[in-house]
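**Student:** Just passing along the structure, written as structure tokens.
We did not get these values from a lab; they are worked out from the coordinates using the rules stated. In this text the structure is predicted, and so the values were computed from the model without any measurement. Here the Cβ positions follow ideal geometry from the backbone for every residue, glycine too, while neighbour counts run over all protein chains shown.
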Amino acid sequence: MAHVAYWCAAMAVLLVAVQFWLYGIHYNRVFADNVVSAVTLTNGQTYFGRLEKFGPHTAVLFNAYYLQVGETDVTAAEQADGSNLQLKKLSDDFHQPNDYLILNREEILYWQHLSSQSPIIEAMAEYRNQE
């Protein structure tokens, strides 16, 4: 009977270890360094950047950009998809904030990873080349 108890305990430890390993694989895929995400908040604003989990109730978006209704004299690199929207880097705002946002995870409506062909990714690359 004691062998059965040890066997059950060993299986439980093994299952917990496998669960942590699988979680780590999933975590690395969701929050990878080379993934650009679009994060939409409950207020309707969408930000773009590299999303990382920070704490139990917060997430951080690094290299943050957002779309703004543009002026008529914007450059092609600032425009996204030929519309009057322009991509704006958060750190270029008038009050000169740092280049990241700390977000309350309850305020995140959803996020999506952008493909490498996304016009947002292309506009971000052009924006960096102009700096």
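**Student:** Suppose R0 equals 22 Å; then what is the FRET efficiency for A125 and Q68 from their Cβ-Cβ distance, rounded to the nearest 0.05?
**Tutor:** 0.75
**Student:** Calculate the tail of P(r) for segment 35-130: the fraction of all Cα-Cα distances greater than 23 Å, expressed in %.
**Tutor:** Taking all Cα-Cα pairs of segment 35-130, the fraction more than 23 Å apart is 22 percent.
**Student:** Q117 to T42: extension gain in nm, 0.36 nm per residue of separation minus the Cα-Cα distance?
**Tutor:** Going from the current span to full extension adds 24.4 nm.
**Student:** Considering amide H positions built from the backbone, and no H for Pro or chain starts, which residues 5 or more places from F54, or on another chain, come under 5 Å of its amide H?
**Tutor:** A59, V60
**Student:** Can you pull the one-decimal nm distance between simple spin-label points at H3 and R105, each 7 Å off the Cα toward Cβ?
**Tutor:** 4.4 nm
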